[in-house]
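Peer 1: Have a look at the structure that comes next, please.
Just so it is clear, none of the values below were taken in a lab; they were calculated from the coordinates. The model shown is predicted, which means the values in this text are computed figures rather than measured ones. Don't worry about glycine lacking a Cβ; one is built from the backbone with ideal geometry, like all the others, and counts go over all protein chains shown.
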Amino acid sequence: MTTPSKSTAPTDEAGSDLTFYTTAELAREAGVTRRTVMHYAEIGLLPPDQVTASGRVLYAPYSLRLLRDLIDLRALGMTLEESRDMVTLRRATHAPDGTYRRDWVREDVPLSDEQLQRLQTRLHVLNSAYERQKDNLARFDRWLTKRFVATRDS
């Protein structure tokens, strides 16, 4: 695991150093290219948490979780717009350190009821598909594991 940069990281109110990832570190940790991180930042999916006076872009550790979520959502077939809504929802209901905010209210979520309804429908479709396929997926995984372990041992 990459240790996030501290060299140019700002400090919090107490004066202690905050740990941030550079674009390259964040990309490496998530297993994507720098260009992917930059693209997500450009389109507003993953805005930087800090920009230094010299223009260096920095991301808090929570951004790594958001980036991994984006990668997973895209792998599940969600559109960029659906992914954006999911990230917006997560940012509204979670603190910057990634912990769930129990005190959030509907007004904290800058998505319309229509957007939330579409998102919920999409999530139900994905969850239903997973539930229908999880036994098959497990069976295929066991079969592939046996096949490739047997082939490798031969």
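Peer 1: Amide H of His94: which non-local residues (sequence gap of 5 or more, or other chain) have their own amide H closer than 5 Å, using H built in the peptide plane?
Peer 2: Under 5 Å from the amide H of His94 lie the amide H atoms of Arg101, each far enough along the sequence or on another chain.
Peer 1: Ok, one more. What 222 nm value per residue comes from the helices of the chain, counting each DSSP H run with n ≥ 4 as -39,500 (n - 2.57) and dividing by all residues, nearest 500 deg cm²/dmol?
Peer 2: When only DSSP H runs of four or more count, the value is -19000 deg cm²/dmol.
Peer 1: What is the angle, in °, between the Cα long axis of helix 80-93 and the longest principal axis of the Cα atoms in the chain? Nearest 10 is fine, range 0 to 90.
Peer 2: With rounding to tens, the tilt is 60 degrees.
Peer 1: Oh, and also: Assign unit charges at the C-beta atoms only (+1 for Lys and Arg, -1 for Asp and Glu), then state the dipole size of the range 45-154 relative to its Cα centre in Debye, rounded to the nearest 20.
Peer 2: 580 debye
Peer 1: At 0.36 nm per residue, and after removing the present C-alpha to C-alpha distance, how many nm does the segment from Glu81 to Arg139 gain when stretched out fully?
Peer 2: 17.6 nm
Peer 1: So what J values fall out for the range 39-51 if you push phi through Karplus, 6.51 cos²θ - 1.76 cosθ + 1.60 with θ = phi - 60°, rounded to Hz, Gly and Pro as x?
Peer 2: 5, 4, 5, 4, 8, x, 6, 9, x, x, 7, 8, 10
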